[in-house]
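Below is one structure, written out as structure tokens; the observations come after it.
The values are calculated or read from the model by the stated rules, or taken from the named source; none is laboratory data. Since the model is a prediction, treat every value here as computed from it, not as a measurement. Cβ placement follows ideal geometry from the backbone for every residue including glycine, while neighbour counts extend to all protein chains displayed.
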Amino acid sequence: NMRPGGQIQPAKGSNLMCCDCCLLGKAVLEQGLPCDHKLSVGYQCGLVSRACCVDGAGDNQTVSTGATEWTCAHQCVSENTCGCFKGYRLKPDGKSCEDINECLLGASNCRGGERCINTEGSFRCQREVSCGTGYELTDNNNCKDIDECETGIHNCGPEFECQNTQGSFRCLPKVKCAAGFIQDALGSCIDINECVTQTPCTRGQVCINTVGSYICQRNSVNCGRGYHLNEEGTRCIDIDECKSLDKVCEGHGCINLVGSYRCECEAGYIFNSISRVCEDINECRHYPGRLCAHKCENTLGSYKCSCTTGFKLAADGRNCDDLNECESNPCSQECANVYGSYQCYCRRGYQLSDMDGMTCEDIDECALPTGGHICSYRCHNTPGSFHCSCPINGYTLAANGRSCQDIDECLTGTHTCTGNQSCFNVQGGFRCLSFDCPNNYRRVGETLQRTDTIRCIKTCLPNDFACGVDPIHSISHTFISLPTFREFTRPEEIVFLRTSVRAYGAYHLGSYDVKFEILEGNVENAFDIIKRIENGMYVGVVRQVKLLIGPMTTVLKLLMRNLTTQGESSQNVINVHVFVSEFWF
């Protein structure tokens, strides 16, 4: 392969370079150049090129390159490796090339309706079906219409004109126009106006054009407007328009004048001297705003007044009085007459319809954006109003008619607790609980007096060493009723464990400390307990930190450990009975 400037492309291996240099010499010989043509190649390649160039020596001679002879039919691609041009493939001898039959291998890109024909080194596609009568096959294998009229292969006679069509032609008869007619650009016959194109009549005659011909008439006396020829046709006399059958004044008075006439118009009309008729006077246009209070409508010879919506015509026929629309009861509920109109309004609990502005529609208070907050529990819409309801058990409707108020069954005595049980009111119900203190503990506080907390204080018998070393000083039971919160965005503080331990500080000699922890019952980790100082005393605060969906019950077992700098002094167990209501109220 030769680069621009006669440079031969270097190749790997002496055999490949020999092949390329020899082919270069053959190319010089075929182009009619002298074999000693200076090429920008190396010395060794120049020797091989000139050896192959001289009388085609390269075809019968072997160039000594220090390697075995290897000549390729088309092109060398690497050492002892030949390649073929596009459309050919290498024969088994590794040197010669043979044509690839793309049609046989299905490697053509012929479309449907075309036949593949193999050629040397390539292929071509040819239509299988002929183009048909009136078409010819073009070089790009497409069918083109034959213009028989242009090529002159039509068979139209001399009286016909050839018109080409797709795939054929038509013979149209040539138009021949009769005398007095001429053919236009579209081939149609049109009349010739002989009076314009020529002067066919003699002096003293008038030319009158006719279809396909003309006539000549003798000049006559022309009378002006308002006159006509006498019977002899010799002079013009006045026309009495008032006696004509045309009724020129159309019901108005008529006065004949020499060569003309004049109409005596009735009231509301005016005579037009140009058109010579009585025309209606448009009083509304001539006297705008002076005839009618509201609207003026012109009529023939007069006018009439009318009023806009909301008014009626007064007795004088010109002014307008306010119309009291409420007398016809247009509103479904209440009507207020206003000047020139009226306004419908509705009673409480209703609203005007957007469709007609007259009908009152019930307001569904329960469906309003704030309807979910109108009632604590359920909202029931009624015509013009609404009412609220509460759950069947445990609640009653408050005095405001909207809120649900818990029924304290323990206070009203409607509970079912036995004598040895304590009644605890919860939201929407009550609980009957009984508590027994364990051995070595005694109860303090009377549940029958509805205290919120029951405590069992450790009381040891004399010489009861095991009881004395028990760190638990007291066991308490308390309860709390919680709602199912609508929204839960921050912790809710629900129980406060107040201690008698004063917060002295971490390094105060002999100071006390308190630690709180939840031992049991913390479902879903919905609770935690924190410690803080109030009024100089430690307080444990139990908080709800996650939303709980009721109804549900759990018992939080809390441990309060009293500590000194010398160690733990005592423990208190607090059982918090948590009742989560089904509702938020």
Leu300 meets each of (1) over 23 Å from Glu266 (Cβ atoms); (2) in contact with an Asp or Glu (Cβ under 8 Å, 6 or more places away or on another chain); (3) of a type in the set (A, V, I, L, M) with one exception, condition (1)
Mind checking which strands (runs of 3 or more DSSP E) fall wholly inside the stretch 148-210 and carry at least 2 residues that are closer than 30 Å to Gly132 by Cβ?
160-165, 168-173
Pairs please, first residue from the stretch 184-205 and at pLDDT below 80, second anywhere and part of a loop (DSSP other than H, G, I, E, B) and of a type outside the set (Phe, Trp, Tyr), Cβ atoms under 8 Å, 6+ apart in sequence or on different chains.
Gly187/Val175; Ser188/Val175; Gly204/Asn219; Gln205/Asn219
Taking the conditions exactly as written (surrounded by 14 or more Cβ atoms within 10 Å (Cβ to Cβ) and either touching an Asp or Glu at 6+ places or on another chain (Cβ under 6 Å) or not assigned by TED's automatic domain parsing to the domain that holds His252 (or both)), does Leu291 satisfy them or not?
yes
Among the residues of the stretch 418-437, write down those that are surrounded by fewer than 20 Cβ atoms within 10 Å (Cβ to Cβ) and part of a loop (DSSP other than H, G, I, E, B).
Thr418, Gly419, Asn420, Gln421, Ser434, Phe435, Asp436, Cys437
From the residues in the stretch 334-355 that are part of a loop (DSSP other than H, G, I, E, B) and touching a Ser or Thr at 6+ places or on another chain (Cβ under 9 Å), which one is surrounded by the most Cβ atoms within 10 Å (Cβ to Cβ)?
Cys346
Looking at (1) surrounded by 13 or more Cβ atoms within 10 Å (Cβ to Cβ); (2) in the same structural domain as Ser49 (by TED's automatic domain parsing), which is the one condition that is false for Ser78?
(1)
Given the conditions (1) part of a loop (DSSP other than H, G, I, E, B); (2) more than 30 Å from Ser385 (Cα to Cα), report the number of the one that Ile270 does not fulfil.
(1)
Looking only at the stretch 507-538, and only at residues there that are within 17 Å of Ser474 (Cβ to Cβ) and not aromatic (Phe, Trp, Tyr), the one that is modelled with the lowest pLDDT:
Val514
Looking at Ile454, Ile407 in this structure, which one is surrounded by 14 or more Cβ atoms within 10 Å (Cβ to Cβ) and modelled with pLDDT under 90?
Ile454
Given (1) out of contact with any helix residue (DSSP H, G or I) (no Cβ under 6 Å at 6 or more places or on another chain); (2) assigned to a loop (DSSP other than H, G, I, E, B); (3) farther than 30 Å from Arg89 by Cβ, number of the condition Asn140 does not satisfy
(3)
Sole exception among (1) loosely packed, with under 12 Cβ neighbours inside 10 Å; (2) under 56 Å from the mean Cα position of the chain (by Cα) for Cys320, by number
(1)
Can you go through Cys278, Cys249, Cys242 and tell me which one is modelled with pLDDT under 95, under 30 Å from Arg225 (Cβ atoms) and touching a His at 6+ places or on another chain (Cβ under 7 Å)?
Cys278
Near pairs, Cβ below 8 angstrom, 6+ apart or cross-chain, from the stretch 358-385 (under 12 Å from Arg402 (Cα atoms) and in contact (Cβ under 8 Å) with a residue 60 or more places away in the chain) to any residue that is surrounded by 13 or more Cβ atoms within 10 Å (Cβ to Cβ) and among the polar types (S, T, N, Q):
Ser376/Ser403; Tyr377/Ser389
From Asn209, Asn256, Asn222, residue being modelled with pLDDT of 85 or more and over 30 Å from Ile270 (Cα atoms):
Asn209
One residue from Cys331, Cys296 being crowded, with 16+ Cβ neighbours inside 10 Å, touching a residue at least 12 places away in the same chain (Cβ under 8 Å) and outside any loop (DSSP other than H, G, I, E, B):
Cys296
Within the stretch 551-581, the residues that are of a type outside the set (A, V, I, L, M, F, W, C) and at pLDDT below 90 are Asn562, Thr564, Thr565, Gln566, Gly567, Glu568, Ser569, Ser570
Has the stretch 94-105 got any residue that is on the phi < 0 side of the Ramachandran plot, at pLDDT below 85, loosely packed, with under 12 Cβ neighbours inside 10 Å and part of a loop (DSSP other than H, G, I, E, B)?
no
Any idea which of Cys131, Cys84 is touching a His at 6+ places or on another chain (Cβ under 6 Å), without any contact (Cβ under 8 Å) to a residue 24 or more places away in the chain and of a type in the set (A, V, I, L, M, F, W, C)?
Cys84
Which of the residues spanning the stretch 260-271 are surrounded by fewer than 15 Cβ atoms within 10 Å (Cβ to Cβ) and under 15 Å from Glu241 (Cβ atoms)?
Glu264
